[in-house]
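**Q** Attaching a single structure in structure tokens format; questions to follow.
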Amino acid sequence: MRILIGVQGTGNGHLSRCSALAEALANKPVQVDYLVSGRAPEHFFDMDAFGTWQWRKGLSFAVKDGRIDLAATLQQNDWRQFWRDVRALDLSNYDLVVTDYEPVVAWAAKRQGKRCIGMGRQYAFMGKTKSLRLPWLYKQMLSWFAPATDTVGMHWVNDGAHIVPPIVHQRVPAQQAVQGHYLVYLPFESLLSVHRLLVKFPQYSFSVFHPEAKRQRIAGIEYYPPSRMRFAEQFVRAEGVISNAGFETSCEALSYGKKLLVRPLAGQFEQIANARCLAELGLASQLSHLSEQGLADWFANADAQQCYWPNVAEALSQWLTSGAHESVADLSRRLWKRAEVDNYRALLRSELLA
């Protein structure tokens, strides 16, 4: 059996989720190829899980001052090259095609009449849910970007027959958090604005990950360039996490039981929906813009929440290598039932320790 998986590379969450899936698939009797797009190849890091991966330019959003710039998005994407790549990608040798919101693979499958399983956060918005609300136009935009014949959406709670729990790539075992230590991941904010805000809270310690950062310590704040392993090491030590409202970082925080504050990227309707949903479910706090008062209130009043999800990467790897014949609805029921059992066991452990 041979599988092609398209990985959206514009966000590290896609890469983290697919790395966990790749590690689970590596133990299966199947050949898996990976195609990654969305940023220049030299800007990828920690890609060992994907072996010898293919690259295409793909499509990406332009961001300026923490806000999606639609005009620049239309101008910066090479649409002619994108369609050339779609037409050139031959899928005839693959038994199964999967996309984690990667558009080249998705559109090539659509063009060739090939079954394509859309797997990941964005596909949660493409079915009926009560907790994820998007205007019709935005749903159509999401569906157009990376179309799929089968959708396996991921969400924090059981809210639809097309939804499974999230994949969480737990690269480092959980450990006792350091009180007053926070991980900050705000890649779309300017590094200077983040620094000016954090130095106002010298009573706390921070590990800041940012694309513009170099490994250094300034005014008691530790700065790191992007690194998934270093990120994981600092993540487990943190009492809380301050981030944009990307899905995967939120999942990791909830899985480890961290306090979570999200600032959705302005103009990014998916992040705005994520932040609203997290707040309404009582899983995190949200700020529409970063401010000293907002951060101080969160430090003083926020509580940590924890979610217990099964090993979804392993379950999906088994589902895919068996041909994905089980319906998504049955897969969803099976995984959420397992999540309920894990949650009950965690509750029993907490009662025994109390």
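**Q** Divide by every residue of the chain the summed helix terms, -39500 (n - 2.57) for each DSSP H run of at least 4, and state the resulting mean residue ellipticity at 222 nm, rounded to the nearest 500 deg cm²/dmol.
**A** Calculated mean residue ellipticity at 222 nm is -11500 deg cm²/dmol.
**Q** Could I ask something else about it? What percent of all Cα-Cα pairs in the range 1-105 falls in each 10 Å bin, counting up from 0?
**A** It works out to 14, 45, 30, 9, 1, in whole percents.
**Q** Taking the Cα centre of the chain as origin and charging only Cβ (+1 Lys, Arg; -1 Asp, Glu), how large is the dipole, in debye to the nearest 20?
**A** Here the size comes out at about 440 debye.
**Q** Need one value: the accessible area of D297 in square angstrom, 1.4 angstrom probe, rounded to the nearest 10.
**A** D297 exposes around 70 Å² with every protein chain in place.
**Q** P(r) of the chain in 10 Å steps, Cα pairs, percent per bin?
**A** 5, 25, 35, 25, 9, 1, 0
**Q** Just read off the accessible area of E42 with the full protein assembly in place, 1.4 Å probe, to the nearest 10 Å².
**A** Around 130 Å² of this residue is reachable by solvent.
**Q** Taking 0.36 nm per intervening residue step and subtracting the Cα-Cα distance, what contour gain separates W136 from S92 on full extension?
**A** Here the segment from W136 to S92 would lengthen by 12.4 nm.
**Q** Follow-up question, since we're still on this one. Quick check on the range 233-340: what are the equivalent-ellipsoid semi-axes from the Cα gyration tensor, as sqrt(5λ), descending, whole Å?
**A** 31, 16, 12
**Q** Under 12 Å from the Cα of K258, which aspartates and glutamates turn up, not counting those fewer than eight places away in the same chain?
**A** Filter leaves E239, D303.
**Q** Quick one: what do you get for the range 147-250 if you divide its Cα Rg by 2.2 N^0.38 Å?
**A** The value comes to 1.26.
**Q** Here is a follow-up. For the range 194-276, what class follows from the C-alpha gyration tensor (a ≥ b ≥ c being the square roots of its eigenvalues): rounded when a/c is under 1.5, otherwise prolate if a/b is larger than b/c, else oblate?
**A** Since a/c reaches 1.5 and a/b is larger than b/c, the shape of the range 194-276 is classed as prolate.
**Q** Right, another one. When only alpha-carbon atoms count, how far does the range 164-321 stretch along each of its three principal axes, as whole angstroms with the largest first?
**A** 50, 31, 28
**Q** With every protein chain kept in the model, how would you rank F269, F201 by accessible area, 1.4 Å probe, largest at the top?
**A** F269, F201
**Q** I need to check one value: relative contact order of the chain, counting alpha carbon pairs closer than 8 Å and at least 6 residues apart, in percent.
**A** 16
**Q** What residue among L283, N244, V328 has its Cα farthest toward the positive end of the dipole of the range 243-354, where the charges are +1 on Lys, Arg and -1 on Asp, Glu, each on the Cβ?
**A** V328
**Q** Contour minus end-to-end for S190 and K114, with contour as 0.36 nm per residue of separation and end-to-end as the Cα-Cα distance?
**A** 23.2 nm
**Q** Hey, what angle do you get for helix 269-280 against the long axis of the chain, alpha-carbon based, 0 to 90 degrees rounded to 10?
**A** Helix 269-280 and the main axis of the chain meet at about 50 degrees.
**Q** Test of the criteria: in the range 211-307, which trypsin sites (Lys or Arg not before Pro) are in a DSSP loop and have at most 12 other Cβ atoms within 10 angstrom of their Cβ?
**A** Hits after loop and neighbour filter: K214, R215.
**Q** How much FRET efficiency would the formula 1/(1 + (r/R0)^6) give for D330 and Q179, where r is the Cβ-Cβ distance and R0 is 41 Å, rounded to 0.05?
**A** The calculated FRET efficiency here is 0.40.
**Q** Expressed as a rounded percentage, what relative contact order does the range 187-313 have, with Cα pairs under 8 Å and six or more residues apart?
**A** 19
**Q** Next up: Take every Cα pair under 8 Å in the range 123-184 that's 6+ residues apart, average their separations, divide by the length, and report that relative contact order as a whole percent.
**A** After rounding, I find 31 percent.
**Q** Give the percent of DSSP beta bridges with both residues in the chain that are antiparallel, rounded to the nearest 5.
**A** Expressed as a percentage, antiparallel bridges in the chain total about 10.
**Q** Which value in nm describes the separation of the simple spin-label points at D342 and W144, placed 7 Å from the Cα toward the beta carbon?
**A** That separation, rounded to one decimal, is 3.7 nm.
**Q** Between R230 and D48, what is 0.36 nm times their sequence separation minus the Cα-Cα distance? Round to one decimal in nm.
**A** Roughly 64.0 nm would be gained on extension.
**Q** Right, next: Mind checking the alpha-carbon convex hull of the range 150-189 and giving the volume per residue in Å³?
**A** For the range 150-189, the hull spanned by Cα atoms encloses 166 Å³ per residue.
**Q** Which number comes out as Rg/Rh for the range 99-154 once both Rg and the Kirkwood Rh are worked out on C-alpha atoms?
**A** Using Cα coordinates only, the ratio equals 0.97.
**Q** For the charge dipole of the chain, defined by +1 on Lys and Arg C-beta atoms and -1 on Asp and Glu C-beta atoms about the Cα centroid, which residue among M229, A108, Q305 has the Cα displaced farthest towards the positive pole?
**A** Selected residue: A108.
**Q** While we're on this one: Quickly work out the W83-to-H289 label distance, labels modelled 7 Å from Cα along the C-beta direction, and quote it in nm with one decimal.
**A** Each label point is offset 7 Å from its Cα along the Cβ direction, giving 4.0 nm.
The values are calculated or read from the model by the stated rules, or taken from the named source; none is laboratory data. Bear in mind the structure is a predicted one, so any value in this text is a computation, not a measurement. Don't worry about glycine lacking a Cβ; one is built from the backbone with ideal geometry, like all the others, and counts go over all protein chains shown. These accessible areas exclude ligands, DNA and RNA; they are computed on the full protein's heavy atoms, side chains included. Shrake-Rupley method; radii C 1.70, N 1.55, O 1.52, S 1.80 Å.
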